Structure formats: structure tokens, C-alpha cells
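Engineer: Quick one: the structure is below, questions incoming.
Each reported figure results from applying straightforward, stated rules to the coordinates on display, with no laboratory input. The structure displayed is predicted, hence computed values, not measured ones. Note that we place each Cβ from the backbone using ideal geometry, even for glycine, and neighbour counts take in every protein chain shown.
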Amino acid sequence: MSNFSLSQEEVLRVQVETFFNALLSSEQPREYVSKNGPKKPSDRAMLVSKVLEVTIEKADILPPKEVLRAIEIAEAIIESYGPRELAKRDELLNNL
């Protein structure tokens, strides 16, 4: 069996995908975020931007209800973490 290792970026991607999928299936995403989200502001900003990127990437393949839910989830994350993340969200949405 060959050695297999993931880059830090790939590990982050897997974590974001896992978090994204858990949020989509959560009944209470805000509570989920506050319990399971990162504590460091820079990590939270990274999570918000990555969740939005995943949402944008999946917009063509997810049912519209799921896309709306994913955007609501990103909003919940942003609201719970502050204005810096709002600016990042606006930047990402403007680049669509």
C-alpha cells in the first residue's frame, strides 16, 4: 500500500465539506455553529468564506431549496461572528 497524505488545503476542504453537510442536515444551524464552529476569529472567517465557496460551487447541482438553506446557514455563521465576515461575504457575492 502506498503512502497517502493530504495537503493542509485538502484537509481544510474535507473539514469544510463535513461542516457544510452537517449544517445542511441540522435543524438549528445557529446553535450548531456556536457549539461546533471554530473559536478563533481568523478560523471563523475562513469557515464562512469556504462555506460560501462550497455553496456557490454546488449551486448548479443542489436543489434550489438546499442552496437557499446553505445561504441561510452562511448567514447564520456570519451573524454569529460579526462584521468582518459580512465584508468577506459581500466580497464573495460581488465576485459571482
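Engineer: Tell me the net charge near LEU23. Cut-off is 13 Å between Cβ atoms, LEU23 excluded, with +1 for each Lys or Arg and -1 for each Asp or Glu.
Structural biologist: Working: positive: ARG30, LYS35, LYS50, LYS58, ARG69; negative: GLU17, GLU27, GLU31, GLU66, GLU72, GLU75.
Taking every other residue near LEU23 into account, the sum is -1.
Engineer: With a/c under 1.5 counting as rounded, go ahead and sort region 9-49 into rounded, prolate or oblate using the C-alpha gyration tensor (a ≥ b ≥ c being the square roots of the eigenvalues; past the cut-off, prolate if a/b is larger than b/c, else oblate).
Structural biologist: Numbers: a/c = 2.51, a/b = 1.24, b/c = 2.03.
It comes out oblate by the Cα gyration axes.
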